[in-house]
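The block underneath contains the structure these notes are about, expressed in structure tokens.
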Amino acid sequence: MSTALNDSTRNGVDTATLFATIDAVKAAPQAARFQFRAHNEWLSGTHSRSSIHDYFGVGDEREHERTFTFDADHPVVLVGRDNGPTPVEYVLHALAACLTAGLANIAAARGIRLTEVRSTVSGDIDLNGILGLDPAVRNGYQGITVRFTVKGDAPAEDLRRLVEQSQARSAVLDVITNQVPVTVEVTTG
């Protein structure tokens, strides 16, 4: 069963391509395997820079159309120079961006026109963990809250369901809420 749709673009989403991608992955599930990468280099103090350009997807090595660079640092109050957001702030950004992208795609697929989507993502963290002062305090966030404002041409309950479905399909929410195995390898010299 094809998931074709007559409207080609809705909410800035190319729905024809979205449904073609879904159909292609249904037909060839191995095409869904991707590996994303970030390359990071320490600059000074707590300041580092990541670049994102290459990835593996649809059975081949690929590159973005341009290289994206992101600086990370700590604010001055945390012995940094404030050259960029903290790494944990990037996590909040990633969550907001993933939920928003999913919401836009789902709305487009369901024929809902969005007029406004805004979110504020807040994370509560206790530095006693990171600083090693209290082993009972975790290093990461104790909790994250996402507050959405969503407006569009659908009833409020349908707009709420968009957010719920976005949560259910969010890769970043999954990474945050489920334990992901992490392997750290070290080369010295």
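Throughout, read-outs are computed from the coordinates displayed, never taken from laboratory work. Since the model is a prediction, treat every value here as computed from it, not as a measurement. Virtual Cβ from ideal backbone geometry, glycine too; neighbours counted across all protein chains shown.
Here are some notes:
- Dipole of the range 85-154 computed with +1 at Lys/Arg Cβ and -1 at Asp/Glu Cβ about the Cα centre; of VAL150, LEU127, PRO87, farthest Cα towards the positive end is VAL150.
- Highest-first arrangement of 93-101, 21-29, where packing means the average Cβ count within 10 Å: 93-101, 21-29
- Net length available on complete extension from VAL182 to ASP14 is 57.1 nm, with 0.36 nm assigned per residue and the Cα-Cα distance removed.
- Angle between the chain longest axis and helix 15-27 axis [Cα atoms, degrees, rounded to 10]: 80 degrees
- Relative packing of peptides 115-126, 31-42, 155-166 - highest average C-beta neighbours within 10 Å first: 155-166, 115-126, 31-42
- ASN11 long-range amide H proximity, modeled H, under 5 Å: LEU114
- With the convex hull drawn over the C-alpha atoms of the range 5-51, the volume per residue is 107 Å³.
- Converting phi to 3J(HN,Hα) with the Karplus coefficients 6.51, -1.76 and 1.60 and the offset θ = phi - 60°, the range 159-173 yields 5, 5, 5, 4, 5, 4, 5, 4, 4, 5, 10, 6, 5, 5, 4 Hz in sequence order, with x at every glycine or proline.
- Sequence-distant contacts, meaning Cα pairs under 8 Å at least 6 residues apart, place the relative contact order of the chain at 15 percent.
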